[in-house]
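Computed from the coordinates by the stated procedures, all read-outs in this text should not be read as laboratory data. Please read all numbers here as calculations on a predicted model, not as lab measurements. Here Cβ is always computed from backbone atoms with ideal geometry, including for glycine, and neighbour counts include all displayed protein chains.
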Amino acid sequence: MRKSIQALTLIILVSVSVACNSKKNEVRVDETPRVKVAQAEMRSVDQTEEYTATVESDVKNNIMPQSYLRIEKIFVEVGDRVGKGQILVQLDATNLRQLKLQIENQKVEFNRIDQLYKVGGASKAEWDNAKMDLDVKETQYRNYLVNTQLRSPINGIVTARNYDNGDMTGSNPVLVIEQISPVKLIINVSEPHFPLIKKGMPVDIKLDTYGNELFKGRVYIVYPTIDSNTHTFPVEIRIANNDQRVRPGMFGRVTVSYGSKKHVIVPDEAVIKQIGAGDHYVYVLKEGNTVTYNKVKLGQRLGKEYEILDGVPAGSQVVVAGQTKLADGVKVDIVK
C-alpha cells in the first residue's frame, strides 16, 4: 500500500513539473510588438521666437539739487503729468537772497571803479579784478537759481517722490520723472539671429496685465556687439504707447518673426524624451517593418505637433504608439 502511494505521489510531482515547464516555455515566446505609425510631413513653418522683458520708460530723469538744501515746497505728487520746464520743487533760497544782495553791492563797487578807470583814477588791474568779482557772483547766482528751483527737463509723469516739505535733501532724488510715450523693452537675442533682425521690423507684444491682447512694437535699436559669454546681443523694442496704457514695470512677451522655413513635422506622440539626458528620440519605420531609434533636434512645438530640425527624413513613417516595447532594430507589426 505504501509503495502505491509513493508511486502515485511521484506521478503527480512529475505532472506538475511538466506543466510548469510548459508554462515557462509559453512565457518565453516573444510576440512581435504592435505599433501605430504616422507620416512625417515636410511643411513651411513660421520661424518665430518669444522673448521676455520688462517695460521701461523711454527717458527717466532723477530730479535733485547739486548740493544738499532744505525743501520749501514740492508742487507735484506721484502720478501727476508734468511739462518740460515746469517748476517742480522750491528749495531754501536763503543763500540765493544773500548772494543777490552781494551782487547789488558789487555792481555799485564796479561802477565806481569803472568811472575812476575812465578818468585815470583806477588802474586796469583794479578794473579787471572788480569785473571778475562781479562775473563770479553773477555766475554763482545763476547756479543757485537753478539749484533752488528744480524744473522738469521733459514731458512726463511723476513716478516717485522721496521727500516731504521741510526735509533736507540727501543722496536720493527728490522726484523721478519718466517719459512713457513711447516705452521700450530690451530683449536678448541669440547670435544666429544677428543677420536676420533689422531696425524697423514689426513685433507682437503681450503683457501679462492685459492677457492675450496684442500690442504692436518695432525694433528700434540693434546693438552692434555680441556678448562673448552668453552669445546674445541686446535689441531695443519700442511701443508708441500714445494712450499710455503700457506702464514701466509691466512684464512683457515679445514675439519676433524671422520668416518661414520648410521642416519636417511629426505628431507630438512620436517624440520620446530620454530621462536624465534631456535628449529626444523618434522611432522611424524602415524596410522590412523594423524601426530605428533616431536622435532628433526639436524646433517649435506647434499645438499637437513638433517641428523637427534634424533626425527624421521627410516622408518617413514614425511610431506614435507602442514605443514601450521597442528597441533599435526591432521588427514590428503595424496596426491601424
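Things worth noting here:
- Note on Lys198, Lys331: ascending count of other Cβ atoms within 10 Å places them as Lys198, Lys331, the fewest first.
- Its DSSP H runs of at least 4 residues, each contributing -39,500 (n - 2.57), put the calculated 222 nm mean residue ellipticity of the chain at -8000 deg cm²/dmol, to the nearest 500.
- Taking each residue as 0.36 nm, the span from Ala38 to Lys273 lengthens on full extension beyond its C-alpha to C-alpha distance by 82.8 nm.
- Largest GNM mean-square fluctuation across Thr94, Thr225, Thr324, computed for the chain with C-alpha springs under 10 Å, falls on Thr324.
- Span from the segment 98-122 Cα centroid across to the segment 201-275 one, whole angstrom: 67
- Centre separation in Å (Cα based) which lies between segment 283-322 and segment 137-199: 55
- Span-rule helices in the chain, defined as complete DSSP H runs reaching 30 Å or more along the axis (Cα) with Kyte mean at least -1.0: 2-28
- Backbone N under 18 Å from the Gln244 label point (7 Å along Cα→Cβ), restricted to segment 139-165: 152-161
- Cross-link pairs beyond the 31 Å C-alpha cut-off, checked among Lys273/Lys331; Lys84/Lys107; Lys198/Lys295; Lys184/Lys304; Lys84/Lys137: Lys84/Lys107; Lys198/Lys295; Lys184/Lys304
- Charge dipole (the chain, unit charges on Cβ, about Cα centre) - positive-most of Pro202, Val296, Pro173: Val296
- Residue list for segment 303-336, given a label point 7 angstrom along the Cα-to-Cβ vector of Thr290 and an amide N cut-off under 13 Å: 327-332
- Karplus-derived HN-Hα couplings along segment 171-187 (A = 6.51, B = -1.76, C = 1.60, θ = phi - 60°), whole Hz, x at Gly and Pro: 6, 7, x, 5, 9, 10, 10, 10, 9, 10, 9, x, 10, 9, 10, 9, 10
- The string of couplings for segment 37-52 from the Karplus curve (6.51, -1.76, 1.60, θ = phi - 60°) is 10, 9, 7, 8, 9, 8, 9, 7, 10, 5, 8, 10, 10, 10, 10, 10 Hz, one whole number per residue in order, with x for Gly and Pro.
- Counting every other Cβ atom within 10 Å of each residue's Cβ, Asp58, Asp243 order from fewest to most as Asp243, Asp58.
- Student exercise, the chain dipole from Lys, Arg, Asp, Glu Cβ charges, in Debye to nearest 20: 1100
- Shape category assigned to the chain from the gyration tensor of Cα positions, a/c cut at 1.5: prolate
- Annotation: the residues Phe251, Phe215, sorted from fewest to most other C-beta atoms within 10 Å of their own C-beta, follow the order Phe251, Phe215.
- What you get for segment 92-149, charging only the Cβ of Lys and Arg (+1) and of Asp and Glu (-1), is a dipole of about 120 debye around the Cα centre.
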